[in-house]
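Read the figures in this text as sums done on the coordinates, not as results from a lab. Owing to the predicted nature of the structure, the values given are computational and were not obtained by experimental measurement. All Cβ positions, glycine included, derive from the backbone under ideal geometry; neighbour counts span all protein chains shown.
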Amino acid sequence: MRSTGHVARIGASQNMWRSGTKFVAVVTLIWCVALSALGDARSEFLIRMLSTSSQFRVRAQAALALGSQTGDRSIVRALSLALRDDHPAVRAASAAALERLGDASAVPALKGAQNDKDGSVRTAVRSALVALDRSAEPKAAVAATQPTVEPPPPTGDATYYVGIGVPGGT
């Protein structure tokens, strides 16, 4: 009888562990959703600062900060609009942020800003266009220009062969 009680206690502790695992999974899910919402709130705040602040320094910093955000089309739209800001620092920061994002949908706005009256803006726009042009290059063309290197066939009496790297990768 005593062993039956012991087994029952082990079973109860396993059920507690399982429910604890579920609890951790739920908390982790909630944490991920909260972090995602914080990222969205930060992006919205920065877009609002970029489009409404009366201080050009605030707008320029907001543009630069938006360059580190990803996955939101509204960021690219806001930065594209900021390429027409009154202050050249904001326009240059927006071009730099668009370059950092690497989103090809910004190319038309950047091409429209190529002839900006300010030299630093033109330089930032050119740099962004070159970077986006490079990233838009088809991967097949890049792969075709890279030589394929086949490893030599294994030799000897080895039992195991270890490959290092990603199959098909460089």
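Tabulated results
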{"item": "Region 41-100 shape via C-alpha gyration tensor axes, a/c threshold 1.5", "result": "oblate"}
{"item": "Tensor-based shape of region 58-136 (alpha-carbon gyration tensor, a/c under 1.5 rounded, otherwise prolate or oblate)", "result": "oblate"}
{"item": "Difference of contour (0.36 nm per residue) and Cα-Cα distance, SER105 to ALA41", "result": "20.8 nm"}
{"item": "Listed peptides 45-51, 102-108 by packing density, highest first (mean Cβ within 10 Å)", "result": "45-51, 102-108"}
